[in-house]
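The values are calculated or read from the model by the stated rules, or taken from the named source; none is laboratory data. Remember, it's a predicted structure, so these values are computed and weren't measured experimentally. Because the Cβ atoms are built from the backbone with ideal geometry, glycine has one as well, and the counts that use them run over all protein chains shown.
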Amino acid sequence: MANRMTPQERERYEALVTEFRRLVNGIPRWDVREGPDGQPQIVDSLFETEIFRPCGPWAPNLVRYFEHVRHDPLLKLLALLDAASGPDTRRSALDFLESLRLLPPPSLRPNRG
């Protein structure tokens, strides 16, 4: 039987999910579209305005990333994180959330006492 999350780990997990939700809710929904010059651009799908144009040698990788990591899949990921109930699942999710660096590591967080 796997070890359960400690109360501190559970609190950290919930804080990280909250920060991830804030991150996702604070970004626009976007699409990757061809700009007037034929180059790809990232466009706010609600207001139909350009957010930015990937350029340089990493442009193809950025376009690919933004084609796949969109607002709706991020919302589905949040639902998955909310539904994660098993200790192994939560530990894996905790590792994922920690890797996003949404909050400083526990040793660097200021004491609130």
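Residue by residue, here is whether (1) at pLDDT below 85; (2) touching a helix residue (DSSP H, G or I) at 6+ places or on another chain (Cβ under 7 Å); (3) at positive phi holds:
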position: Val43; (1), (2), (3): no, no, no
position: Gly56; (1), (2), (3): no, no, yes
position: Ala93; (1), (2), (3): yes, yes, no
position: Leu108; (1), (2), (3): yes, no, no
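Could you tell me how many of the residues in region 67-87 are touching a residue at least 60 places away in the same chain (Cβ under 8 Å) and either loosely packed, with under 13 Cβ neighbours inside 10 Å or in contact with a Cys (Cβ under 8 Å, 6 or more places away or on another chain) (or both)?
Residues meeting the conditions: 2.
If you check Arg12, Arg64, which single one turns out to be basic (Lys, Arg), free of Cβ contacts under 8 Å to residues at least 12 places away in the same chain and surrounded by 11 or more Cβ atoms within 10 Å (Cβ to Cβ)? Show your work before the answer.
Values: Arg12 fails: free of Cβ contacts under 8 Å to residues at least 12 places away in the same chain.
Criteria check complete, one pass: Arg64.
Provide a single number: the residues in region 35-73 that are in a loop (DSSP other than H, G, I, E, B) and over 17 Å from Leu23 (Cβ atoms). Explain how you work it out, then say what you get.
Initially, region 35-73 is screened for residues in a loop (DSSP other than H, G, I, E, B), giving 35-39, 45-48, 53-58, 69-70.
With over 17 Å from Leu23 (Cβ atoms) added as a condition, the list becomes 35-39, 45-48, 53-58.
Counting residues in region 35-73 that are in a loop (DSSP other than H, G, I, E, B) and over 17 Å from Leu23 (Cβ atoms) gives 15.
Out of Pro36, Pro28, Pro60, I need the residue that is farther than 25 Å from Asp95 by Cβ and either touching a Ser or Thr at 6+ places or on another chain (Cβ under 8 Å) or among the small types (Gly, Ala, Ser) (or both). Which one?
Pro28
Does Ala59 fit the bill of being more than 22 Å from Pro28 (Cβ to Cβ) and among the aliphatic types (A, V, I, L, M)?
no
Out of the residues in region 88-107 that are without any contact (Cβ under 8 Å) to a residue 60 or more places away in the chain and surrounded by 11 or more Cβ atoms within 10 Å (Cβ to Cβ), state the one that is nearest to Gly38 (Cα to Cα).
Phe96
Looking only at residues that are among the small types (Gly, Ala, Ser) and in contact (Cβ under 8 Å) with a residue 12 or more places away in the chain in region 18-58, which one is nearest to Phe96 (Cα to Cα)?
Ser45
Please go through (1) closer than 26 Å to Leu103 by Cα; (2) assigned to a loop (DSSP other than H, G, I, E, B); (3) among the charged types (D, E, K, R) for Asp82 and return the number of the only condition it doesn't satisfy.
Going through the list (1) closer than 26 Å to Leu103 by Cα; (2) assigned to a loop (DSSP other than H, G, I, E, B); (3) among the charged types (D, E, K, R), Asp82 breaks only (2).
Among the residues of region 46-61, how many are under 30 Å from Ala15 (Cβ atoms) and either of a type in the set (Val, Ile, Thr) or surrounded by 13 or more Cβ atoms within 10 Å (Cβ to Cβ) (or both)?
Within region 46-61, residues that are under 30 Å from Ala15 (Cβ atoms) and either of a type in the set (Val, Ile, Thr) or surrounded by 13 or more Cβ atoms within 10 Å (Cβ to Cβ) (or both) number 1.
Would you mind telling me which numbered condition in (1) within 21 Å of Pro105 (Cβ to Cβ); (2) part of a helix (DSSP H, G or I) Met5 fails?
Evaluating Met5 over (1) within 21 Å of Pro105 (Cβ to Cβ); (2) part of a helix (DSSP H, G or I) leaves (2) as the failure.
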